[in-house]
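**Q** Questions regarding the structure given below will be posed in turn.
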Amino acid sequence: MSAITRAEVAHLARLSRLALGEDELDHLAAQLDQIISAVARVQEVAAEDIPPTSHALPLTNVYRADENRPSLTPEQALAAAPAAEQQRFRVPRILDEEA
């Protein structure tokens, strides 16, 4: 017996406001049945003594110390800029004032 019937697919299509043809209903019913069967198989494998996890292997983040290091001065950063104004990069306007 199919886990999802053609009538249920038609009902879901109406709720989703999808216009499906007769052949599409049959095709989707078969596909949804395969999906539901696959999910059921996965649920069978899950054991109660195994905690759910988001990853197969444990992950840990690697952090570095947050410390100040030498960086560019504003003048050095703007030295190769095509245009600069008030210690900032000058770029062409892309939005109108009214926007």
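**Q** Any residue that is at pLDDT 85 or above, among the charged types (D, E, K, R) and out of contact with any Gly (no Cβ under 7 Å at 6 or more places or on another chain) - is there at least one of those in segment 52-64?
**A** Looking for residues that are at pLDDT 85 or above, among the charged types (D, E, K, R) and out of contact with any Gly (no Cβ under 7 Å at 6 or more places or on another chain), one finds at least one in segment 52-64, hence yes.
**Q** Tell me which residues, restricted to segment 1-34, are open to solvent by 60 Å² or more (accessible area, probe 1.4 Å) and hydroxyl-bearing (Ser, Thr, Tyr).
**A** 16
**Q** Of the conditions (1) open to solvent by less than 100 Å² (accessible area, probe 1.4 Å); (2) without any contact (Cβ under 8 Å) to a residue 12 or more places away in the chain, residue 63 fails just one. Which one is it?
**A** That leaves (1) as the condition not met.
**Q** Can you find a residue in segment 76-83 that is in contact (Cβ under 8 Å) with a residue 12 or more places away in the chain and surrounded by 10 or more Cβ atoms within 10 Å (Cβ to Cβ)?
**A** Within segment 76-83, none of the residues are in contact (Cβ under 8 Å) with a residue 12 or more places away in the chain and surrounded by 10 or more Cβ atoms within 10 Å (Cβ to Cβ).
**Q** Identify, by number, the condition in (1) touching a residue at least 12 places away in the same chain (Cβ under 8 Å); (2) open to solvent by 100 Å² or more (accessible area, probe 1.4 Å); (3) within 30 Å of residue 4 (Cα to Cα) that residue 87 doesn't meet.
**A** All conditions pass for residue 87, except number (3).
**Q** Where in the chain are there helices (runs of 4 or more DSSP H), lying fully within it, with 2 or more residues that are touching a helix residue (DSSP H, G or I) at 6+ places or on another chain (Cβ under 8 Å)?
**A** 6-15, 22-45
The values are calculated or read from the model by the stated rules, or taken from the named source; none is laboratory data. Bear in mind that the values here come from a model prediction, so they are computed numbers and not experimental data. Cβ sites come from the backbone with ideal geometry, for glycine too, and all protein chains shown count toward neighbours. Keep in mind that these areas ignore ligands, DNA and RNA; they rest on the heavy atoms of the full protein, side chains included. Shrake-Rupley method; radii C 1.70, N 1.55, O 1.52, S 1.80 Å.
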